[in-house]
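What follows is a set of notes on a single structure, which appears directly below.
The values are calculated or read from the model by the stated rules, or taken from the named source; none is laboratory data. Source: prediction; values computed, not measured. All Cβ positions, glycine included, derive from the backbone under ideal geometry; neighbour counts span all protein chains shown. These area figures cover heavy atoms from the full protein model, side chains too; ligands, DNA and RNA do not enter into them. Shrake-Rupley method; radii C 1.70, N 1.55, O 1.52, S 1.80 Å.
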Amino acid sequence: MSGPAAGTASAATTTDVVCLGESMVTFLPSQPGRLADVPSFGRGIGGAESNVACALAAAGHRAAWVGRVGADGFGEHLVETIAGYGVDTAAVRRDPDRPTGIYFRTATDRGTDTHEVAYYRAGSAASAMSPANVPYEELFAGRILHLSGITAALSADCLALLRELTAARPGRPLVSFDVNHRPHLWRGGDADASVLLELARRSDLVFVGEDEAEEAWGIVGAEAIRAALPEPSVVVVKRGSAGATVFASGLRPGPRSSIAGGAENAPDARSTEGGGAGNADTVTHVPALRVDVVAAVGAGDAFAAGFLSATLRGLPVRDRARHGHLMAAAVLTVPGDLTEPPARDHADRLAALDDDAWGRLRLGPGWTAADRAPEEVRTP
C-alpha cells in the first residue's frame, strides 16, 4: 500500500491511542561518569513514542505501538518488554536486513554539558519505515495517532511517512505531535526547523517545549509559539519549572473531534483571539509541581501520556495539564524512563485540588503509592 485511503479508520475502533516511532535498546550506566569511564551498563528500552504507549497502557488505556525492529535479539527484547506493559505490538514489523537501534547514555541530566549519548541507529530497521511499508489500517484504527519529530529525522522515507500521516483527509484520527527537537539527529542545515514547524502545523494537538521552540525556530514565549502554530486545535507549551500553558480552540469537524474538546470547561481560563480553524482560544496556565528529582529522563513523554489520558477521558483542560504534570512527576522520581503511574483515583484526587493545595504539593520517591491520600503527599 502506498498511502492511506480516505476513511480507513473505523468508527467502531477498539484502540485509544496508536503511537508510531523508533524504539531502541538503551544501555544505562552502572555509575556516574563519562562513557569512557563507565565499566558496565544495564539494559533498558528507550523511545519517545513507545514510552507514551507504555505509560498509557499502564494507566488503563488501550494503546498500540507501531514500529520496525531488526530480526534480532534486541528487537525481540523491545517487543516483549513493550508488550509487557500491556501495549498492543501486533503491527510491529521485523526487518531481516537491518538491525535494531541501540544507544548508550550517561547518568547525568540531558540538559547538562556533561551528558553524553552515543547512538548506533544509522541504517536501523526503524529508519526504513516509509509510506510503502507501514500498516495504515492499524495506524488509523485508534482515536488518537501520536507522532513525534524524532521520526522525521531518521530518514527521508520516515519524513515522507510523517507527511502522509499528517495530511488532512476524511476519517483521519486526531493527530498528536510532540515536536521533540533533537538537533544531533538531523543531517545538517536548517531543515529540522522548517520540517518540524510544517508537521506541527498539520497536526491537531501539539506538544512543544518553550526551550526547543527558541532553539529550533527562534521563537520566544508561549504566545509567540501559538502565533507560529495557528492551525492546531490544541497547543501545549511546556515551560519547565514554570509549568505549562495550553492554547485550546474548537476542533475541526470529524468522527473523533469531540475527544479534544472541553476547553470551555477550563477553570480560570482567559479567551484570546486566534486558534485552530479561526476559533477563539482558551488559554490555561497550569503551574508545575515541585518534585524531588531522581533522574530527569522521560518526563516529556510522561507528560504527553498524562495529557492524552485525560483528553481521552474528556477532562477539562486544566486537569489534562495537571495529569501531565503528575505523570511526569512519577517518572522524575524513579531512575528510568518508565514507571507505574499513580492509580487513576489517586491522580484524580490530586488533579482536583484547589490552586493553593496544588501549589503546596511536593512529590518525592514513592509518592505514587495507591494508598496515599492527597494530604499524605509530602509537603514543605
- Item | Cα→Cβ-extended label distance, 7 Å offset, between Glu214 and Ala160, nm | 3.8 nm
- Item | Cα lying deepest toward the dipole's positive end in the stretch 72-164, options Tyr119, Gly86, Ser148, charges on Cβ | Ser148
- Note on the structure: Highest mean packing first, using Cβ neighbours within 10 angstrom, the peptides 17-27, 348-358 sort as 17-27, 348-358
- Task: Return the Rg/Rh value of the stretch 149-229, two decimal places, where both radii are evaluated on C-alpha atoms and Rh is the Kirkwood radius.
- Result: 0.96
- Item | Solvent-accessible surface (1.4 angstrom probe) belonging to Ser40, in square angstrom, nearest 10 | 60 Å²
- Note on the structure: Expected field for Met129, accessible surface area in Å² at 1.4 Å probe radius, rounded to 10, holds 0 Å²
- Per residue, how much space in cubic angstrom lies within the convex hull of the C-alpha atoms of the stretch 55-128? 112 Å³
- Note on the structure: If the chain between Leu35 and Asp345 were fully extended at 0.36 nm per residue, the gain over the current Cα-Cα distance would be 107.5 nm
- Protection-proxy order for peptides 302-310, 151-159, each taking the mean of Cβ atoms within 10 Å per residue, highest first: 302-310, 151-159
- Taking 0.36 nm per residue of separation between Ala352 and Leu185 and subtracting their Cα-Cα distance, the length gained on full extension comes to 56.2 nm
- Within the stretch 49-145, which trypsin sites (Lys or Arg not before Pro) sit in a loop by DSSP and count at most 14 neighbouring Cβ atoms inside 10 Å? Arg110
- Task: Quote to one decimal, in nm, the extra length available between Arg201 and Ala228 on full extension: 0.36 nm per residue of separation minus the C-alpha distance between them.
- Result: 8.9 nm
- What ranking do 283-291, 338-346 get when scored by the average of other Cβ atoms within 10 Å per residue, highest first? 283-291, 338-346
